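The values are calculated or read from the model by the stated rules, or taken from the named source; none is laboratory data. Here the structure is a predicted model, which is why all the values come from computation and not from measurement. Methodologically, a virtual Cβ is constructed for each residue, glycine included, from the backbone with ideal geometry; neighbour enumeration extends over all protein chains shown. Surface areas here come from the heavy atoms of the whole protein model, side chains and all, with no ligands, DNA or RNA. Shrake-Rupley method; radii C 1.70, N 1.55, O 1.52, S 1.80 Å.
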Amino acid sequence: MNLSDSKKKLALAGAVCGLVAACLAWFGNPANMAFCIACFIRDTAGALGLHSTETVQYARPEIIGLVSGAFLISVSTKEYCSMSGSSPMTRFVLGMILAIGSLVFLGCPLRMIIRMSAGDLNAWVALIGFILGVGTGAFALKKGFSLGRAHMANRMSGGVLTAVMIGILVLALATTLLKSSESGPGSMHAPVLMSLAGGLLFGVFAQKSRMCFAGSIRDVILMRNFDLLTIIGSFFVVMLIFNVATGRFVPAFDTPGVIAHSEHLWNILGMYAVGFAAVLAGGCPLRQLILAGQGSSDSAVTVLGMFIGAALAHNLGLAASATALNAETQEITAGSVPVNGKAAVIICIIVCFVIAFSNKRNEGK
């Protein structure tokens, strides 16, 4: 089964992933979030006690399903390949940047598209930053950026992250060791089995279609290849139809309950950092999970970086707050990015530039 050899198959893959996200939103996942890699990693990090923000703690089965789905399909189609050794610590830092930038914007590239499909104008503004970030990363690639070649590793090492994810699922289902929010976004979720099945299905189609939000734009810039944009386009259309049909389409900037803010500069810069880091790391947050599932220990390290970055974003007060409606006064309180978060984004962008232009393909020759 190869879904990347025709635009029709790519469109089908995007539509299936869109249907998965729509079903999860309908059956309980947070409004205008549905399926967000950064947010779900943050929630899972909270469940593991890596941060103490009580409203965002829940072991998200979707994340576990994504990695497991990519693992199962890659093994069954003989695409599983255990690789490692390509600048792991640099990738760890890039993973942290992916999480921090996303939580300043309040969503990963996947959620950016979902928010766009629901009429959130802040997400359309953030798209500018994401495209510019991917463009900067593409420029670095043209100038010779490389984190070095990965090498074949022990076959078992490529499955460690999948095993860890399954372990988290067992702990969540069979024990009371993990934390779980009683209010806020962490308390809002679809049934566990539905979430796990949705993650597995999403993981299978994302792996077979090479779905990547940063990669789709990178390919347009570097090769004038629009194939991967087909997946994103069909995903967007399915979510747009769902949001219009269910009355969730609200074209506005400050919409209570959407989990977003209207500080445009920081929406742009947050997603600029994400787009830049994604190209340097070789894939967006979703793609990193998929690559980790199919055996890349380097991507697994990037995923661990995302977990730590998400935890730090809450422990150090870097994450943005969302626009909300005061239940007593019925007044809208605008969301915002804290000073710490603004400083962190600037630092993340500087670090991306240092990584981008200090790692060259011709080094070591």
How about the stretch 95-124: which of its residues are closer than 21 Å to V238 by Cα, aliphatic (A, V, I, L, M) and open to solvent by 10 Å² or more (accessible area, probe 1.4 Å)?
I113, M116, L121
Residues that are in contact (Cβ under 8 Å) with a residue 60 or more places away in the chain and of a type in the set (S, T, Y): list the helices (runs of 4 or more DSSP H) wholly contained in the stretch 192-273 that include at least 2 such residues.
192-209, 227-245
I'm told G107 meets every condition in (1) in contact with a Cys (Cβ under 6 Å, 6 or more places away or on another chain); (2) more than 30 Å from I221 (Cα to Cα) except one. Can you identify the failing condition by its number?
(2)
F276 touching a residue at least 12 places away in the same chain (Cβ under 8 Å) and under 23 Å from A21 (Cα atoms)
no
Within the stretch 27-55, the residues that are in a loop (DSSP other than H, G, I, E, B) and open to solvent by 10 Å² or more (accessible area, probe 1.4 Å) are F27, G28, A31, N32, L48, G49, L50, S52, T53, E54, T55
Here are some residues: A252, A190, A245. Which one is more than 20 Å from the chain's Cα centre (by Cα), open to solvent by less than 60 Å² (accessible area, probe 1.4 Å) and of a type outside the set (K, R)?
A252
Test for T90: is it within 23 Å of A45 (Cβ to Cβ) and surrounded by fewer than 24 Cβ atoms within 10 Å (Cβ to Cβ)
yes
Within the stretch 197-220, which residues are under 20 Å from C108 (Cβ atoms) and either open to solvent by 50 Å² or more (accessible area, probe 1.4 Å) or aliphatic (A, V, I, L, M) (or both)?
L200, L201, V204, A206, R210, M211, A214, I217, R218, V220
Out of all the residues in the stretch 7-26, is one or more surrounded by fewer than 24 Cβ atoms within 10 Å (Cβ to Cβ) and assigned to a loop (DSSP other than H, G, I, E, B)?
no
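Taking G137, is it touching a Leu at 6+ places or on another chain (Cβ under 6 Å) and closer than 14 Å to V274 by Cβ?
Yes; evaluated as a whole, the condition is true for this residue.
Here's a check for you: in the stretch 126-174, which residue that is of a type in the set (S, T, N, Q) and not in a helix (DSSP H, G or I) is modelled with the lowest pLDDT?
N154
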The stretch 163-184: number of residues that are within 21 Å of the chain's Cα centre (by Cα) and either buried (at least 23 other Cβ atoms within 10 Å of the Cβ) or among the aliphatic types (A, V, I, L, M) (or both)
6
Close pairs (7 angstrom Cβ cut-off, 6 or more residues apart or separate chains): at positive phi in the stretch 18-41, open to solvent by less than 10 Å² (accessible area, probe 1.4 Å) and β-branched (V, I, T) anywhere
N32/I114; A34/I114
